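S.K.: The structure is given below, and queries will be raised subsequently.
Only the coordinates and a few stated rules stand behind these numbers; no lab work does. Treat the numbers as computed from the prediction; the structure is a model and nothing was measured. Cβ coordinates were reconstructed from backbone atoms using ideal geometry, including for glycine residues, and neighbour counts include every protein chain displayed.
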Amino acid sequence: MGVRTWIEGWPVYRQLTGTDPLGRGAAAQSRRSRELTARTETADSMARSVCPYCAVGCGQRIFVKDGRVVQIEGDPDSPISKGRLCPKGSASKSLVTSDRRVRTVLYRRPYGTDWEELDLDTAMDMIADRVLAAREATWEDADDEGRPLNRTLGISSLGGATLDNEENYLIKKLFTALGAIQIENQARI
């Protein structure tokens with residue numbers, strides 16, 4: 001590599017002699033940075049979602065390649081966040097892809113002193129069994145005067161702040177079908 005070739009490869013030289021006098025474009029790029037491509041360009045698909053961290057409801061675009069999340073960024077079409085994300089929202093890709101993500105449930109048996117790990121399917125089956133048992137044990141067909149009630153007071157639901165109205169609608173339908181009457185949400189989005 002001669003001196004002239006080295007000088008022509010120098011960013012300041014490219015800035016002063018090229019079409020990028022402010023040094024914010026091609027003049028500032030190295031050979032390696034010119035060869036890089038964005039993860040969003042190589043993604044197979046993109047889905048829109050809402051950030052799970054707080055009740056603001058910032059829009060996110062989730063890019064997927066080969067069935068795996070490769071990038072999460074702000075959605076510029078979101079009327080709430082207009083493509084911006086806070087530091088937690090910007091780091092939400094690690095919530096999905098981190099090798100330190102917890103993939104089991106901790107469970108302490110009645111009267112137990114230690115926690116044990118259960119797989120998610122086992123925990124979901126246990127929850128379903130308990131919901132059905134609570135409904136069966138507390139079901140009320142009618143009141144003391146014979147008026148129909150068809151309800152249970154043994155089950156209730158409180159939806160989270162990051163659930164949208166559509167999700168809360170479906171949760172309301174589910175718990176109403178189970179006979180629950182204590183159903184509330186704190187929808188913000």
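S.K.: Taking the alpha-carbon set of the stretch 45-97, what are its Rg and Dmax in Å?
M.R.: That works out to 10.3, 31 Å for Rg and Dmax.
S.K.: Quote the FRET efficiency, to the nearest 0.05, computed for THR42 versus SER90 with a Förster distance R0 of 25 Å and r equal to the Cβ-Cβ distance.
M.R.: 0.80
S.K.: Still on this structure, I have one more. With a ≥ b ≥ c the root eigenvalues of the C-alpha gyration tensor of the stretch 118-185, is it rounded (a/c under 1.5), prolate (a/b larger than b/c) or oblate?
M.R.: oblate
S.K.: Which whole-number percent gives the relative contact order of the chain, counting Cα pairs below 8 Å spaced six or more residues apart?
M.R.: Across the chain, relative contact order equals 13 percent.
S.K.: Further question on the same structure: Cα centroid distance between the stretch 156-189 and the stretch 6-42, in Å?
M.R.: Here the two parts' Cα centres lie 52 Å apart.
S.K.: If you take the alpha carbon radius of gyration of the chain and divide it by 2.2 N^0.38 Å, what ratio comes out, to two decimals?
M.R.: For the chain, the normalised Cα radius of gyration comes out at 1.69.
S.K.: Rounded to the nearest 500, what is the 222 nm mean residue ellipticity of the chain from helices alone, with -39500 (n - 2.57) per DSSP H run of 4+ residues and division by all residues?
M.R.: Computed mean residue ellipticity for the chain: -9000 deg cm²/dmol.
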